[in-house]
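Have a look at the structure below before the remarks.
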Amino acid sequence: MTVSRSNERRAVDLLTGPSAGDMLAVALRGDGVVRSWHVHAVNHRPGASVSVGYSVVWDRFHGDDRERRVREDLYLVATTATIRPDRLARADAKTLYADALPVHLWEFPNDPELPALELACDPEPLSTFVGRRVDVELLGYRPTRRAVLRVEGEDENFYAKVVRPGAREALLHRHTAFEKARLPTPRVAKSNADGLVLTTAVTGTPLSQIYVRGGNLDVTFASLSATLEALPLIGLGLKRRPAWAERCEHYAHAASVSLPDIADRAGAAASEIRRYRAEADYGPLVPTHGDFYEANVLVSPSTGRVSGLLDLDTFGPGYRADDWGCLLGHLSVLPSLNSKYKNVGAITDRWFERARTEVDPVALAASAAGVALSLVASARQRGRSNWKKQALARLDVVEAWLVTAREAERDAGYGPRLTAVR
């Protein structure tokens, strides 16, 4: 379902502003009294929904006596997503209306679209499912979409991905294709019809650590390139998902919803990215990873070569410039996240020079700009106090990439290197 832009802005204001406290109090008033709350995470899917997670302290009524109360912590999720009534009922979700805007609320982990999440988050039943004693740690959660957990056993570790039940078969198909291609990806150990997929762990160090240390950069780039070239051809037959840059208008709108003062800058950037999508040489469709950046790549700490490739959900047909653009776009915003990445600008420059020998530099820079634009609104997701500063720094990076695209276009594909905004 498409959500109007005015409703999205209204939803963000409602779910992250002071009135959210009244909404939580109303949702829980039959069971207890809210004592304090704060926004923990914001997830905005442009054109679709806004979801917010809250850490709440409340006094739960004990039994039938409303004077007897137990103070507890809980995690609540509110979303404007369209969800079937039977699924809301299964999750014991509540629906409130604010100026005719429906908002669904539930207690984590009872996500109405992810029925396997409760099992994945509970060590006791999960141990039975795995067949050995395990502990679990939640690594990531996007309400109504997916969750990722680390599953630790005494002699072996696994990872659990929770997806919508209807998405499980496609995910299993992708894992099978990578296994047949003998690429270093997790192997499926077990799954169930509710959308729980348990995979083996892969070895290696996150690519982000290589960025910090700065060693084996040429070897790492060559291995990244070889990994992309080895993606199985079966990916061309899968459903194509739009690249991040192809949804630039949506992400510009999301940025303007989060920070209205930058609406003009974000909109202008999206217009320029869209022009490059139409005019630059993106080459033929090839198998692509679709979300190729440091969080989804592990490397050998001794050799710098790729030792693990994660998150296969987005594998399918696309353009090589978009995979490289995803890598470079994420790389270029890292300095805004943590001071330990303050020197990665040199890697951005170096790898842009290498990648432009494989794809059109105009397309590459425009794709990197689109990825960086997609990250502007997400600066708000974890409720950090400095999120506005991070958002502005990311928009600066978007505009720097577009300068590079213009110069490459003007010089017939040979423009100066990008220096990442610090």
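The values are calculated or read from the model by the stated rules, or taken from the named source; none is laboratory data. From a predicted model like this one, the values you see are computed outputs, not experimental measurements. For neighbour counting, all protein chains shown are included, and Cβ atoms are generated from backbone atoms with ideal geometry for every residue, glycine included. Please note that ligands, DNA and RNA were not included when accessible areas were found on the heavy atoms of the full protein model with its side chains. Shrake-Rupley method; radii C 1.70, N 1.55, O 1.52, S 1.80 Å.
Quick one: check the C-alpha center-to-center distance for segment 105-173 versus segment 309-323, whole angstrom. Centre-to-centre distance over Cα atoms comes out at 23 Å. With both labels modelled 7 Å from their Cα along Cα-to-Cβ, the Ser36 to Ser302 distance reads 4.9 nm.
Relative to the longest principal axis of the Cα atoms of the chain, helix 19-28 runs at roughly 50 degrees. Among Leu114, Leu233, Leu198, the residue with the largest mean-square fluctuation in a Gaussian network model of the chain, with springs joining Cα atoms closer than 10 Å, is Leu233.
With the simple model of a label 7 Å out from the Cα in the direction of the Cβ, Thr82 to Arg60 spans 3.5 nm. With protein chains left intact and a 1.4 Å probe, residues in segment 219-291 average 45 Å² of accessible area per residue. A straight chain from Ala226 to Ala278 at 0.36 nm per residue would run longer than the Cα-Cα distance by 15.9 nm.
Working note: 222 nm ellipticity from helices only, DSSP H runs with n ≥ 4, each -39,500 (n - 2.57), summed and divided by the residues of the chain, gives -12000 deg cm²/dmol to the nearest 500. Using Cα pairs closer than 8 Å and at least 6 residues apart in sequence, work out the relative contact order for segment 283-361, in percent. Here the relative contact order equals 31 percent.
Axis of helix 5-16 versus longest Cα principal axis of the chain: the two differ by about 60°, to the nearest ten degrees.
Taking Cα extents along the principal axes in Å straight from the coordinates, which label in [x] 109, 47, 37; [y] 75, 52, 39; [z] 88, 57, 45 is the correct one? Only one listed value fits the structure, namely [y].
For segment 157-277, the convex hull spanned by the alpha carbon atoms encloses 189 Å³ per residue. Of the accessible area of segment 101-140, computed with a 1.4 Å probe over protein heavy atoms only, carbon and sulfur atoms account for 48 percent. Per residue, the Cα convex hull of segment 276-394 amounts to 125 Å³. The gain in end-to-end length when the Glu156 to Ser339 segment is fully stretched comes to 62.5 nm, 0.36 nm per residue minus the alpha carbon separation. Given axes a ≥ b ≥ c from the Cα gyration tensor, I'd like to know whether segment 227-346 is rounded (a/c under 1.5), prolate (a/b larger than b/c) or oblate. Because a/c hits 1.5 or more and a/b fails to exceed b/c, segment 227-346 counts as oblate. Solvent-accessible area per residue in segment 48-102 equals 57 Å², computed with a 1.4 angstrom probe and all protein chains kept.
Once the Cα atoms are used to define both axes, helix 248-258 deviates from the longest principal axis of the chain by about 50 degrees. Label-to-label distance, Thr357 versus Arg187, with points set 7 angstrom from Cα along the beta-carbon direction: 3.6 nm. Taking each residue as 0.36 nm, the span from Lys180 to Asp13 lengthens on full extension beyond its C-alpha to C-alpha distance by 55.3 nm.
Using the Cβ-Cβ distance between Ala295 and Thr128 with R0 set to 25 Å, the FRET efficiency works out to roughly 0.25.
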